[in-house]
Amino acid sequence: MTVDPATRHATVVERVLDWYAVHARDLPWRRPEATPWQVVVSEFMLQQTPVERVREPWRVWVERWPSPAALAAAPSGEAVRAWGRLGYPRRALRLHRAAVAITKEHDGQVPADRETLLRLPGIGAYTAAAIASFAFGRREVVLDTNVRRVLARVDGGVAFPAASQTVAEVAAATAFVPDEPERAARWAVAVMELGALVCVARSPRCDACPVQDLCAWRAAGHPAWDGPPRKGQSYDGTDRQCRGALLAVLRSSDEPVALGELAAAWPDEAQRTRCLASLVADGLVVAPTAEHVALPG
């Protein structure tokens, strides 16, 4: 028997919401009492970083800077220092700049609508939709890696989504979003959680999936991915590792650091010089003097 798309969509949503009610992780930034600012901090930290690595830095961060104004009053270098080993430290600078903008332009209150959020530094389409949905319960299409993978399998019948979002993909995802804002916001976080815990990239737990009988990919026999090769990110010996090593030395000191200390942290002079220059260009490090280098502020 053929089921019309609207009925199928509604069934998928209902089952995923029921599953989430039982299996959701207790994430502090998803609790009802979480403030919009706490949600903002979580969304910056969770970009390309697993949840378990974010829990403790997030807790320390929101205790130290419980509002945008508190962070805006601190030097940007302190934001970089507090970012620790979360990786991609430019996120710390962008979050600091967003805090300054929220404080100056929005009386210290995180904006609720997606279009205004998009005008803040460091906030793109996904992050704006996520904040509007998770912090304010608005109806948004929230498409992170996990959600895209779930919908690619359940609705598209393929193992993975395309490398970049398409208009067709957004339209297909929109068809699943409930009309009622509170339910839509619940769906956004529930389907994301399903992708994080069950419909994972490798070895998906199809036996634990609440929509396994509705999954087009499963019905097709789990066809292998035939798109462009999915390459894992290397790290050892990369400029990213070098930058991290240099920043680790700078974060460990409240005073400017001698250039010799950086040489000890990363002996390859050519790579060290190149990476230090890139850190300066990104605003993560103050341009060095003849002998010393420091974090901003």
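Quick notes on this structure:
- Between the Cα long axis of helix 239-251 and the first principal axis of the chain there is an angle of about 60°, rounded to the nearest 10.
- Magnitude of the charge dipole, region 137-205, Cβ model with Lys/Arg +1 and Asp/Glu -1, debye to 20: 260
- Among the chymotrypsin sites (Phe, Trp or Tyr not before Pro) found in region 176-247, those both in a DSSP coil and sparsely packed, with 12 or fewer other Cβ atoms within 10 Å of their Cβ, are Trp225, Tyr235.
- Gain on full extension, evaluated as 0.36 nm per residue between Ala270 and His292 minus their Cα-Cα distance, stands at 6.2 nm.
- Shown here for region 208-297: GluC sites (Glu not before Pro) in loop regions (DSSP other than H, G, I, E, B) with at most 15 other Cβ atoms within 10 Å, namely Glu291.
- Percent of Cα-Cα distances greater than 35 Å, calculated over the chain: 29
- Simple Cβ-charge dipole of region 117-272, Lys/Arg +1 and Asp/Glu -1, about Cα centre, in debye nearest 20: 320
- 3J(HN,Hα) from dihedral phi, region 72-84, Karplus parametrisation 6.51/-1.76/1.60, rounded to Hz, x for glycine, proline: 4, 6, 8, x, 4, x, 5, 5, 5, 4, 6, 4, x
- Ellipsoid fit via the Cα gyration tensor, region 221-297: semi-axes of 35, 13, 11 Å, each the root of five times an eigenvalue, largest first.
- Within the accessible surface of the chain, defined with a 1.4 Å probe on protein heavy atoms only, the carbon and sulfur portion equals 53 percent.
- Shown here: region 1-98, whose C-alpha atoms stretch 63, 25, 23 Å along the first, second and third principal axes, sorted largest to smallest.
- Counting Cα-Cα pairs of region 147-297 in 10 Å increments starting at 0 gives whole-percent bin shares of 9, 28, 16, 16, 22, 9, 0.
- In a simple Cβ point-charge model (Lys, Arg +1; Asp, Glu -1; nothing else charged), region 53-139 has a dipole of about 380 debye relative to its Cα centre.
- Cysteines in the chain lacking a second Cys C-beta under 4.7 Å: Cys199, Cys206, Cys209, Cys215
- Qualifying trypsin sites (Lys or Arg not before Pro) in region 1-105, where qualification requires a DSSP coil assignment and no more than 16 other C-beta atoms within 10 Å, comprise Arg25, Arg85.
- Contact order normalised by residue count of the chain, Cα under 8 Å, 6+ apart, percent: 19
- For region 42-74 versus region 164-241, the gap between their alpha-carbon centres in whole angstrom: 25
- Leading residue at positive end of dipole, the chain (Cβ point charges), from Val62, Ser42, Ala162: Ala162
- In region 154-282, taking the dipole from charged Cβ atoms about the Cα centre, the farthest positive-side position among Ala201, His222, Ala265 is held by His222.
- Think of a 1.4 Å ball rolled over the protein heavy atoms: the chain then has 50 Å² of accessible area per residue.
The values are calculated or read from the model by the stated rules, or taken from the named source; none is laboratory data. All values derive from a computational prediction rather than experimental measurement. Quick reminder, even Gly has a Cβ in these numbers, built from the backbone with ideal geometry, and neighbours come from all protein chains shown. Quick note on the areas: whole protein, heavy atoms, side chains included, nothing else; ligands and nucleic acids left out. Shrake-Rupley method; radii C 1.70, N 1.55, O 1.52, S 1.80 Å.
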